[in-house]
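Contents: one structure, followed by commentary.
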Amino acid sequence: MIIAIISVREGSKGIENKNIIPFCGKPLICRTIEKTLKVKGIDQIYISSDSDIILKIANDYPIHLIKQPSQISTDESHSVEAWKYVIGYIERQSNSNEKIDTVVTVQNTSPLCEAKDIQKGLEEFNYSGYDSLFSACEVRDMFLWNNNYGKFESTTYNYKNRKLRQNIKKQYLENGAFYIFKSEILKENNNMLGGLIGVSNMSLWKMFEINDPEDIPVCEALYKAFIKE
């Protein structure tokens, strides 16, 4: 069985009620649910949240709702904790012998990720026999520097031997829009990535996500410019 998990919590440091803010005319969580529903091959979709408001909004859709404990819904909580809780909850509540084989996790704060991106990732995952896969954007000229106690050092290239763009090897920027993994990978490694890892490439402009107030108009402008409803 293939399930999708959208884990969203009530609190947010950067933006109040971030997961339900209006985005191009709809609550952000609705955008995420609707695109996930369009992905073929997903058997069941679960919303996991500590927020009654979010769960009430999500209740309008043909998906499953799980109330998430407050102890795994803090600013310091990692998404892995929520995903493990959801999988464990489903397995405890299940009356059948159907096993969760594959998990697709969709990040609510990545509204530029489309259903077709997740669909492509799932097809690549199934076809290539990966154990885990992450969404990414391909870059060639990401020149990153590290601040080592006031001394700046180039980390992704040698500034003394700067190559032409066409001669730079491709790099992949993990954008967090979605992850796909075997449930056993998460249980065994306490990590969504492990085993044979794959990458599903997305357009570079889809790397933007909503974490701070200034991210909202940027993402809305890109959404209106490139995504046709």
Flagged in the stretch 1-42 as modelled with pLDDT of 95 or more, closer than 25 Å to Asp75 by Cβ and out of contact with any strand residue (DSSP E or B) (no Cβ under 9 Å at 6 or more places or on another chain), in numbering order, are Pro22, Phe23, Pro27
Of the listed residues (Ile100, Ile53, Ile63), the one being crowded, with 17+ Cβ neighbours inside 10 Å and on the phi < 0 side of the Ramachandran plot is Ile100
- Query: Is it the case that Lys116 is in contact (Cβ under 8 Å) with a residue 40 or more places away in the chain and either in a loop (DSSP other than H, G, I, E, B) or under 26 Å from the mean Cα position of the chain (by Cα) (or both)?
  - Reply: no
Going through (1) crowded, with 20+ Cβ neighbours inside 10 Å; (2) over 23 Å from Ile15 (Cβ atoms) one by one, Lys116 fails only at (1)
Exercise for review: Assess whether Gly121 counts as being at pLDDT below 95 and either of a type in the set (Gly, Ala, Ser) or crowded, with 19+ Cβ neighbours inside 10 Å (or both).
Suggested key: no
| Flag if Ile210 is of a type outside the set (Gly, Ala, Ser), within 19 Å of Glu174 (Cα to Cα), in contact with a Ser or Thr (Cβ under 6 Å, 6 or more places away or on another chain) and surrounded by fewer than 16 Cβ atoms within 10 Å (Cβ to Cβ) | no
Checking Ser12, Ser48 in turn, the sole residue that is of a type outside the set (Asp, Glu) and in a strand (DSSP E or B) turns out to be Ser48
Considering the stretch 66-87, residues that are in a loop (DSSP other than H, G, I, E, B) and buried (at least 16 other Cβ atoms within 10 Å of the Cβ), and then whichever is modelled with the highest pLDDT, we arrive at Gln68
Of Ile53, Ile42, Ile47, the only residue that is closer than 28 Å to Pro22 by Cβ, touching a Leu at 6+ places or on another chain (Cβ under 7 Å) and in contact (Cβ under 8 Å) with a residue 40 or more places away in the chain is Ile47
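The values are calculated or read from the model by the stated rules, or taken from the named source; none is laboratory data. All values reported here derive from a predicted model rather than from experimental measurement. Every residue, glycine as well, gets a Cβ built from its backbone with ideal geometry; the counts of neighbours run over all protein chains shown.
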